[in-house]
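The values are calculated or read from the model by the stated rules, or taken from the named source; none is laboratory data. All values reported here derive from a predicted model rather than from experimental measurement. Glycine also receives a Cβ, built like all others from the backbone with ideal geometry; neighbour counts cover every protein chain displayed. SASA here: full protein model, heavy atoms, side chains in, ligands and nucleic acids out. Shrake-Rupley method; radii C 1.70, N 1.55, O 1.52, S 1.80 Å.
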Amino acid sequence: GLNIPNTGRPGTVGTLVTRTLLIAADPGVGVQANGARGAMLRAYDKATGARVGAVFMPAAEGGAPMTYMLNGQQYIVIAISSGNYSGELLAFRLPARPGD
């Protein structure tokens, strides 16, 4: 009788925790709703558990995400690799404020 929402995929992932967010990637590659094969990096509000953002990655995470600031902009970087996809680092710039 319970309505349990999507709880993700089995596996071990590295997480990044900020003051307000928990950021984690899919532990493996899967087929996305649009048919692309890859993984997602998602951000969740720590206070509510609501998903507040997600970006597609062409391969699964190969290491925990990390963050840094450069010239007043915050970035999240994650190592990815899987199967025939050689390893690389992906960097995502976070908006300075909502709507950026």
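Summary of values
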| read-out | value |
| --- | --- |
| Accessible area (Å², per residue) of region 1-66, counting only protein heavy atoms and a probe of 1.4 Å | 64 |
| Carbon + sulfur, % of accessible area of the chain - ligands and nucleic acids excluded, 1.4 Å | 54 |
| Normalised contact order of the chain, rounded percent, pairs of Cα under 8 Å and 6 or more residues apart | 19 |
| Mean Cβ count within 10 Å, highest first, over the residues of peptides 80-91, 39-50 | 39-50, 80-91 |
| Cα→Cβ-extended label distance, 7 Å offset, between Ile4 and Tyr68, nm | 4.0 |
| The chain - Rg (one decimal) and Dmax (whole number), Cα, Å | 14.2, 51 |
| Binned Cα-Cα distance frequencies in region 46-87 - 10 Å width, integer % | 22, 39, 33, 6 |
| Rounded to the nearest 20 debye, dipole of the chain from Cβ charges on Lys, Arg, Asp, Glu | 200 |
| Unit charges at the beta carbon, dipole of the chain: most positive-side option, Ser86, Gly38, Tyr68 | Tyr68 |
| Overall dimensions of region 1-40 by Cα: Rg and Dmax, Å | 12.8, 35 |
